[in-house]
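Data first, discussion second: the structure below is written as structure tokens.
The values are calculated or read from the model by the stated rules, or taken from the named source; none is laboratory data. A quick note: this is a predicted structure, and the numbers were derived from the prediction, not measured. A quick note on method: Cβ atoms are made from the backbone with ideal geometry, for glycine too, and the neighbour counts reach across all protein chains shown. Heavy atoms of the whole protein, side chains included, go into the accessibility calculation; ligands, DNA and RNA do not. Shrake-Rupley method; radii C 1.70, N 1.55, O 1.52, S 1.80 Å.
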Amino acid sequence: MIVCVKQIPDPALPGELDPSTNTLKREGKLILDESDSYGVEMALQLVAAAGDGEVSLVSMAPNDEVSGIRTALAMGAAQAVLVSDPTLAGADALTTAKVLAAATKKLDSADLIIAGTESSDGYTGTVPEQMAEILGLPSITFAKTIEITDGTLKVNRQTEAGYDEVSCPLPAVVSVTAGVVEPRYPSFKGIMSAKKKPVETVTAADLGVESVSWAQQIVSVEDAPVREAGEIIEDEGESFNKIVEFLDELKVI
Ligand SMILES: Cc1cc2nc3c(=O)[nH]c(=O)nc-3n(C[C@H](O)[C@H](O)[C@H](O)COP(=O)(O)OP(=O)(O)OC[C@H]3O[C@@H](n4cnc5c(N)ncnc54)[C@H](O)[C@@H]3O)c2cc1C
């Protein structure tokens with residue numbers, strides 16, 4: 001298995017924009033994107049269920065940053081490839097997909113490449129599918145459950161109405177939704193062994209990925225509108241009607 005792990009600025013801390021490029025500052029310690037902790041856990045469980053195999057990681061991050069990778073290695077992944085290159089600063093989703101697809105080639109070919117449905121900071125939700133296209137592999141998105149039997153991937157794919165049962169032959173790319181599994185907490189032993197696990201750091205040039213001309217230019221940034229206060233409903237015994245009306249208007253019932 002190969003799992004894509006994004007390392008992001010800690011969402012608990014206020015994000016900062018680089019005024020010269022209007023892109024998110026990604027200096028200092030980055031953490032494992034929570035969206036990807038589900039992918040790592042899912043991969044570890046699938047390898048355990050198969051009784052053999054291993055989980056490797058690919059990540060693209062600035063400043064040779066490995067903190068988020070070490071967390072995933074402490075969970076049980078075996079090794080990682082980190083793509084770190086100043087020429088990739090501010091890269092768009094297609095560039096990221098090209099880089100990650102090339103990084104998977106540095107590892108033994110995988111039966112399954114797992115990613116999150118969307119990251120917590122950029123959340124274009126497009127990288128896994130673009131990777132699949134670049135690698136010429138089938139991709140299934142929004143996986144709630146994953147089963148592998150005799151070289152076939154079976155997925156319950158989350159939909160608004162419930163889920164679809166989708167299957168395809170391996171190798172493939174699958175994106176998992178948040179909450180599909182309970183990510184394990186790295187044990188002390190896991191954290192210590194993660195320090196010794198191999199992380200190969202490469203540049204875009206090492207991967208033969210052309211440094212790209214930017215498809216995206218962020219021309220202006222403005223604060224998000226302040227959310228208006230909601231309506232307060234005093235319950236005099238009939239307020240459920242108001243709530244039903246409200247939900248009906250939203251077409252969620
Ligand atoms: C606020 C903001 C807005 C942006 N808007 C756009 C935009 O409109 N168009 C555009 O092309 N780019 C945009 N970007 C840039 C984009 O976020 C980056 O290119 C990013 O590296 C990849 O896209 P994503 O985070 O949207 O990935 P998503 O497709 O949302 O991520 C899905 C999964 O892909 C994997 N993945 C994504 N990035 C990495 C990585 N660096 N390393 C390892 N795995 C990864 C992870 O498993 C992740 O869970 C934006 C960035 C920010 C911060």
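Worth pointing out:
- Single match in ALA143, ALA101, ALA97, ALA93 (criterion: at pLDDT 95 or above and either near the ligand (Cβ under 8 Å from one of its atoms) or basic (Lys, Arg) (or both)): ALA97
- Condition met for ASP223 (under 22 Å from ASP108 (Cα atoms) and modelled with pLDDT under 95): no
- Looking across region 104-140 at every residue that is near the ligand (Cβ under 9 Å from one of its atoms) and small (Gly, Ala, Ser), the one that is farthest from the chain's Cα centre (by Cα) is identified as GLY122.
- All positions within region 33-68 that are open to solvent by 10 Å² or more (accessible area, probe 1.4 Å), within 11 Å of the ligand (Cβ to nearest atom) and of a type outside the set (Gly, Ala, Ser): GLU34, ASP36, TYR38, MET60, PRO62, GLU65
Yes or no, residue by residue, for (1) open to solvent by 80 Å² or more (accessible area, probe 1.4 Å); (2) part of a loop (DSSP other than H, G, I, E, B); (3) touching a residue at least 24 places away in the same chain (Cβ under 8 Å); (4) touching a strand residue (DSSP E or B) at 6+ places or on another chain (Cβ under 9 Å):
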residue	(1), (2), (3), (4)
LYS196	yes, yes, no, no
LEU207	no, yes, yes, yes
GLN217	yes, yes, no, no
VAL221	no, yes, yes, yes
ILE233	no, yes, no, no
GLU236	yes, yes, no, no
PHE240	yes, no, no, no
ILE243	yes, no, no, no
VAL252	yes, yes, no, no
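- Test set (1) at pLDDT 85 or above; (2) over 30 Å from SER56 (Cβ atoms) - GLU231 fails condition number: (1)
- When THR126, THR141 are screened for being free of Cβ contacts under 8 Å to residues at least 40 places away in the same chain, closer than 27 Å to GLY90 by Cα and open to solvent by less than 40 Å² (accessible area, probe 1.4 Å), only THR141 passes.
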